[in-house]
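Where a number appears in this text, it was derived from the coordinates with a stated rule and is not lab data. Since the structure is predicted, the reported quantities are computational estimates derived from the model, not experimental observations. Note that each Cβ is placed from the backbone with ideal geometry, even for glycine, and that neighbours are counted across all protein chains shown.
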Amino acid sequence: MTQQHLIAPSPGLVQQWCDIALAASGMFEGIMQFATLAAQWGADQELEACCEWFVREWTDVETADALRAARRPKPPSLKEQALDLLDKAEDPSWDINDFSIVRRALEQLDD
């Protein structure tokens, strides 16, 4: 028995993905970008449906928010990256890229 799923992107969203894919440097790269965007969108829809179910049937909003944060972590900010690098500043494995992150973070600070 085949189950029908109601999760489907809007035509406008599909058009955005097509525009991004068509701007890619090659056909394979465009298809990869389209597929990645579609997979990310579908996974986000599923995560939101699960979080809504958790809140409705089983737990509280804070737990659902913790699940969402764990499954869709935000990349560290430039400040967080710089602070992490300073924590290991005495480590001899530092390279020039590490210094550039710290420089960019410091340049963003007001005088």
Counted neighbours (other Cβ, 10 Å), sorted fewest up, put Arg68, Arg104, Arg56 in the order Arg56, Arg104, Arg68
By Cβ neighbour count within 10 Å, fewest first, Lys74, Lys88 rank Lys74, Lys88
Under 15 Å by backbone N from the virtual spin label 7 Å along Cα-to-Cβ at Asp44, the residues of segment 5-27 are 8-18, 20
In nanometres, the difference between 0.36 nm per residue of separation and the alpha-carbon distance of Asp65 and Leu83 is 3.9 nm
From DSSP H assignment alone, runs of 4+ in the chain each adding -39500 (n - 2.57), the sum over residues rounded to the nearest 500 puts [θ] at 222 nm at -21000 deg cm²/dmol
Taking Cα atoms only, helix 78-87 is inclined relative to the longest principal axis of the chain by an angle, in degrees rounded to 10, of 50 degrees
Put in order of increasing Cβ neighbours within 10 Å, starting from the fewest, Leu78, Leu86 give Leu86, Leu78
Here P(r) for segment 25-111, Cα-Cα distances in 10 Å bins, as whole percents, is 14, 24, 20, 31, 11, 0
For the chain, longest principal axis from Cα atoms; helix 61-71 axis from its Cα atoms; angle between them, nearest 10 degrees, is 70 degrees
